[in-house]
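Computed from the coordinates by the stated procedures, all read-outs in this text should not be read as laboratory data. If you're wondering where the values come from, they're calculated on a predicted model, not measured in any experiment. Cβ coordinates were reconstructed from backbone atoms using ideal geometry, including for glycine residues, and neighbour counts include every protein chain displayed.
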């Protein structure tokens with residue numbers, strides 16, 4: 001039985017691989033023969049790194065810079081989304097009537113607004129009213145070179161800091177609505193017997209939740225949360241509309257300057273695939289390792 005299942009799975013895999021190869025071959029055939037498109041892949045590596053003759057060093061170019069900005073956007077947005085989602089999920093599962101109402105309002109409102117619209121609204125109406133009033137960009141320009149480098153490494157430079165913060169907050173709020181439902185579902189799935197057993201050994205309701213329920217919840221929802229992080233990586237592309245110089249924005253800039261439409265977007269797609277696939281394989285490895293310990 002196991003051998004038959006393994007054989008069937010292998011056949012399906014081979015069929016998918018053959019289909020992908022045929023589809024890619026047909027695409028390149030049409031580009032070469034029908035549209036007479038002249039591929040210029042030899043120019044793409046120079047947009048990753050370039051040799052600076054003045055300093056004699058190899059420096060990152062536009063695609064690598066955009067790649068790392070996408071990573072920073074994804075990490076910060078995930079942290080904000082995790083915090084907001086956990087808070088909202090706890091309120092929605094075990095809060096008072098008012099807390100449940102606030103949680104449901106947040107979740108239903110954000111989930112029914114397109115992420116692109118949310119980013120634009122937050123940037124033009126919230127960022128322009130609050131972030132600009134803090135004069136963070138002006139303070140950063142007047143700071144030392146060391147502070148500017150540290151801020152640029154973790155966030156962005158003076159010219160982009162307001163837009164960057166606006167983007168990660170908007171993305172964090174958006175992703176937090178989905179994290180909220182994941183956490184709420186995990187809390188609800190914990191059997192009531194866990195609460196009763198904790199009360200029986202003298203734990204208070206607060207300690208029961210923090211020491212017993214919440215750790216079990218995160219173990220249950222760890223992998224759905226990881227999937228949400230992968231979604232955040234892909235959603236980060238929408239902040240290109242507010243001129244954040246992440247991967248998609250850099251791709252559009254390169255396409256406008258070079259007219260290498262297909263080479264640029266195939267490369268961008270591959271870079272996003274590297275991020276999402278690598279993380280999904282890492283999560284899959286942890287999932288299998290965790291399953292073996294059960």
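For an R0 of 30 angstrom, estimate the FRET efficiency from the Cβ-Cβ distance between residue 269 and residue 148 and round to the nearest 0.05. With a Förster radius of 30 Å, E is 0.35. If I build a Gaussian network model for the chain, linking alpha-carbon pairs within less than 10 angstrom, which residue out of 107, 241, 183 has the largest mean-square fluctuation? Maximum among the listed residues: 241. Taking each residue as 0.36 nm, the span from residue 204 to residue 52 lengthens on full extension beyond its C-alpha to C-alpha distance by 48.3 nm. Axis angle, to the nearest 10 degrees, between helix 145-154 and the longest C-alpha principal axis of the chain: 70 degrees. Can you tell me the orientation of helix 261-293 relative to the chain, as the angle in degrees between its alpha-carbon axis and the longest Cα principal axis, to the nearest 10? Approximately 30 degrees, to the nearest ten. The relative contact order of the chain, computed from alpha carbon pairs under 8 Å that lie at least 6 residues apart in sequence, is 24 percent. Taking every alpha-carbon pair within the stretch 62-247, the share separated by more than 29 Å comes to 33 percent. A simple spin-label model places pseudo-atoms 7 Å from Cα toward Cβ; at residue 25 and residue 96 they are separated by 6.8 nm. Here residue 262 and residue 189 are evaluated by their C-beta separation; at R0 = 51 Å the FRET efficiency comes out at 0.65. Comparing 11, 190, 147 in a Gaussian network model of the chain (Cα springs below 10 Å), the most mobile by mean-square fluctuation is 11. In the chain, the longest principal axis of the Cα atoms and the axis of helix 62-94 are about 20 degrees apart.
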